[in-house]
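Enquirer: This is the structure I want to talk about, given as structure tokens.
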Amino acid sequence: MSSDEHVHHPNYVRIWAVLLVLLVVSVLGPLTGIRWLVLITAFGVAMVKAYLVAKNFMHVTIERRFIPYLLVVCLVLVLVLFVGVAPDVMKHRGLNWENYSARQAVEAGMQSAPAKRE
């Protein structure tokens with residue numbers, strides 16, 4: 001290596017601090033109870049953290065053109081997983097199954113709720 005060549009070394013302490021701040025944001029996001037904010041903090045922060053780790057700690061800057069494809073493939077696989085399990089997870093009853101635990105939890109919640117005034 002000649003003296004003219006410069007190898008860029010990322011500042012690992014700065015990246016660690018950014019990852020730590022993103023961890024705090026991802027923990028505090030669900031505490032707000034605002035659904036869209038929870039989704040943004042969960043998925044948005046996860047994507048940024050994954051990118052930072054892949055770029056700086058896994059040394060994949062050499063394969064720079066593959067990173068966007070890798071991220072898109074991962075997002076598509078997460079979407080496929082969600083679409084595959086959402087019909088079962090988000091309902092209490094299906095064609096050949098019933099979620100008795102969820103039904104009991106809803107009934108218990110309805111019984112403990114205060115009576116509606118008319």
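The values are calculated or read from the model by the stated rules, or taken from the named source; none is laboratory data. Every value quoted in this text rests on a predicted model; they were computed, and no experiment measured them. Glycine gets a Cβ as well: all are built from the backbone with ideal geometry, and neighbour counts include every protein chain shown.
Enquirer: Could you tell me which of the residues ARG93, ARG65 is under 30 Å from VAL13 (Cβ atoms), free of Cβ contacts under 8 Å to residues at least 12 places away in the same chain and of a type outside the set (Val, Ile, Thr)?
Expert: Details: ARG93 fails: under 30 Å from VAL13 (Cβ atoms).
Only one candidate qualifies: ARG65.
Enquirer: Can you report the number of residues in the stretch 53-68 which are surrounded by 10 or more Cβ atoms within 10 Å (Cβ to Cβ), part of a helix (DSSP H, G or I) and not aliphatic (A, V, I, L, M)?
Expert: 6
Conditions tested, residue by residue: (1) among the hydroxyl-bearing types (Ser, Thr, Tyr); (2) surrounded by fewer than 10 Cβ atoms within 10 Å (Cβ to Cβ).
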| position | (1), (2) |
| --- | --- |
| LEU75 | no, no |
| LEU79 | no, no |
| PRO87 | no, yes |
| LYS91 | no, no |
| SER101 | yes, yes |
| ALA108 | no, no |
| SER112 | yes, yes |
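Enquirer: Checking LEU19 against (1) modelled with pLDDT of 85 or more; (2) over 15 Å from the mean Cα position of the chain (by Cα); (3) surrounded by 12 or more Cβ atoms within 10 Å (Cβ to Cβ): exactly one of these is not met. Which one?
Expert: Answer for LEU19: the failing condition is (2).
Enquirer: Also: I'd like the full set of residues that are exposed (fewer than 14 other Cβ atoms within 10 Å of the Cβ) and among the aromatic types (Phe, Trp, Tyr), limited to the stretch 22-51.
Expert: Residues satisfying the conditions are TRP36, PHE43.
Enquirer: While we're looking at this one, here's another question. Does the stretch 26-52 hold any residues that are in a helix (DSSP H, G or I) and small (Gly, Ala, Ser), and which are they? Before the answer, list the steps.
Expert: Kept after step one, since they are in a helix (DSSP H, G or I), are these residues of the stretch 26-52: 26-32, 35-52.
SER26, GLY29, ALA42, GLY44, ALA46, ALA50 - these are the residues of the stretch 26-52 that are in a helix (DSSP H, G or I) and small (Gly, Ala, Ser).
Enquirer: Within the stretch 69-105, count every residue that is part of a helix (DSSP H, G or I) and within 27 Å of the chain's Cα centre (by Cα).
Expert: So the count comes out to 24.
Enquirer: So ALA113 fits all but one of (1) more than 30 Å from ARG14 (Cβ to Cβ); (2) within 15 Å of the chain's Cα centre (by Cα); (3) of a type in the set (A, V, I, L, M, F, W, C); what number is the exception?
Expert: Of (1) more than 30 Å from ARG14 (Cβ to Cβ); (2) within 15 Å of the chain's Cα centre (by Cα); (3) of a type in the set (A, V, I, L, M, F, W, C), only one is false for ALA113: (2).
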